[in-house]
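Participant: Pasting a structure below so you can have a look.
Just so it is clear, none of the values below were taken in a lab; they were calculated from the coordinates. Predicted, not measured: the structure shown is a model, and the values here were computed from it. All Cβ positions, even for glycine, are placed from backbone atoms using ideal geometry, and neighbour counts span all protein chains on display.
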Amino acid sequence: MQLIDLRSDTVTQPTPEMREAMAKAQVGDDVYGEDPTVNRLQEMAAELLGKEAGLFIPSGTMGNLSAVLAHCGRGDEVILGDKAHIFLYEGGGISALGGVHSRQLINRADGSLLLDDIRAAIRPKDAHAPVTRLIALENTHNRCGGTFFTPEYGRQVGELARERGLATHLDGARIFNAAAALDVPAKEIAAPFDSVTFCLSKGLCAPVGSVLCGSRAFIAKAHRIRKQVGGGMRQAGILAAAGIVALERMTDRLGEDHARARKLAEGLAGVSGLVLDEGTPHTNMIFMNLAESVPYPAAKVAAHMRQAHGVLIGVAGERRFRLVLHYWIDAAAVARTIAAFQALLG
Ligand code: TLP
């Protein structure tokens, strides 16, 4: 039985074209800045996001960590959402490794933060208080349901930050999904932010890596931090080669995953044991709960779906699931998933 893996878009395997590009990649020692393929990827990424420079980083987590540590010193404070990936799912790295204090504001449904909340959270100049240094947002927003906010909102945050002398960072792990949903170039979403990370290894299918983009001076700082946290790689062009294919071939097709997510959601809406979140899916993620009538927890349902139907789904809570669409989920896989849920919970 062929497995259908909907747990995340991080499970995506590289495409045949990526494997071929990886095999043929020209490489050098990237710690010396001599890997031509890494250099090319970094230039392409910077160009796509409208920034001066890019830095290839092993993971999204390390990209966010390097960015926050490049913006903030020990005891400085970052304003972020209470559902932010940086806050919830990155091992507390910004505080454990960087001594950066976090100020969590309530994420609104679309993943944004209320501007008035941000204003109110900025600390006064007072020796008792940490120094507010950075505002960090996420687009698309994972924990808020794969939701996205508009470039206009980003501009408002950027303006507020500049007025108050703060830096801004965007965790744009899935910025190309946001761009597809908004039908705007990714650079428009990135424009108001001083730094942006995006992931090559999620919906874009590359096996490894993220790129952090920003000004040349900022990237020089982040480069040093990447080295400090052990992220300096050597013949990384083998990985970057897949990233180049990801940027050339995969960004423009993400709308297909969104359309398939809608198809899957339509089918699942007809399963009596499931209650889909209102408005889901916004991009490539479906969030849903078990109906009260179902006597089992989500983990048990997920285990059964795997064993009996070969369908892997993400458990996002005691009675909650996340299903993520990606390149390797085709129309037949969507139909099989709906049929499997029907059989179990219909
Ligand atoms: N998200 C993963 C898990 O960690 C939850 C997933 O399956 O969605 N920012 C955002 C918004 C992310 O969703 C993720 C990964 C990251 C950063 C971290 O990227 P990696 O896994 O490359 O460190």
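Participant: Quick one: dipole size for the stretch 13-251, taken about the Cα centre, charges +1 on Lys/Arg Cβ and -1 on Asp/Glu Cβ, in debye to the nearest 20.
Facilitator: Around 440 debye, computed over the stretch 13-251.
Participant: Also, I was wondering about something else. As a footprinting exposure proxy, order PHE287, PHE176, PHE87 by other Cβ within 10 Å, with the fewest listed first.
Facilitator: Taking fewest neighbouring Cβ atoms as first place, the list is PHE87, PHE287, PHE176.
Participant: Grab the DSSP H runs of the chain that are 4 residues or longer, score each as -39,500 (n - 2.57), total them, divide by all residues and round the 222 nm result to the nearest 500 deg cm²/dmol.
Facilitator: Value at 222 nm, helices only, nearest 500: -12000 deg cm²/dmol.
Participant: Top mean-square fluctuation among ALA236, ALA302, ALA127, Gaussian network model of the chain, C-alpha springs under 10 Å?
Facilitator: Comparing ALA236, ALA302, ALA127 in a Gaussian network model of the chain, the most mobile one is ALA127.
Participant: Let me ask something else about it. Taking the dipole about the Cα centre of the chain, with the C-beta of Lys and Arg at +1 and of Asp and Glu at -1, give me whichever of THR37, THR197, GLY310 is farthest to the positive side.
Facilitator: Working it through, the farthest residue towards the positive pole turns out to be GLY310.
Participant: Note down the nm distance, to one decimal, between modelled labels 7 Å out along Cα→Cβ at ALA331 and at MET1.
Facilitator: Spacing of the two 7 Å Cα→Cβ label points: 2.4 nm.
Participant: For the stretch 47-100, give the magnitude of the charge dipole about the Cα centre (Cβ charges: +1 Lys/Arg, -1 Asp/Glu; no others), in debye to the nearest 20.
Facilitator: Charge dipole, the stretch 47-100, about its Cα centre: 80 debye, nearest 20.
Participant: Test of understanding: what is the full-extension gain from LYS263 to TYR296, defined as 0.36 nm times their sequence separation minus their Cα-Cα distance?
Facilitator: Here the segment from LYS263 to TYR296 would lengthen by 9.3 nm.
Participant: Same structure, new question: Using a cut-off of under 20 Å, list every residue of the stretch 188-229 whose amide N is near the label point 7 Å from the Cα of ARG249 along the Cα-to-beta-carbon line.
Facilitator: Zone members listed by number: 199-211.
Participant: Calculate, for GLU163 and TYR32, the FRET efficiency according to 1/(1 + (r/R0)^6) with r their C-beta to C-beta distance and R0 30 Å; round to the nearest 0.05.
Facilitator: Given R0 = 30 Å and the Cβ-Cβ separation, E is 0.15.
Participant: Which residue, HIS309, HIS128, HIS71, tops the fluctuation ranking in a GNM of the chain built on C-alpha contacts under 10 Å?
Facilitator: HIS128
Participant: Within 15 Å, Cβ to Cβ, of ALA335, how many net charges do the neighbouring residues add up to if Lys/Arg are +1 and Asp/Glu are -1?
Facilitator: Value of the local net charge: +2.
Participant: Round to the nearest 10 and give me the degree value, 0 to 90, for the angle of helix 216-228's Cα axis relative to the longest principal axis of the chain.
Facilitator: Its long axis makes an angle of about 70 degrees.
Participant: Evaluate the relative contact order of the chain (contact order divided by residue number), counting alpha-carbon pairs under 8 angstrom at least 6 apart; express in whole percent.
Facilitator: Relative contact order here is 25 percent.
Participant: So if I restrict to the alpha-carbon atoms in the chain, what is the Rg, and what is Dmax, the biggest pairwise distance, in Å?
Facilitator: Spelled out, the Cα radius of gyration and Dmax of the chain are 20.4, 63 Å.
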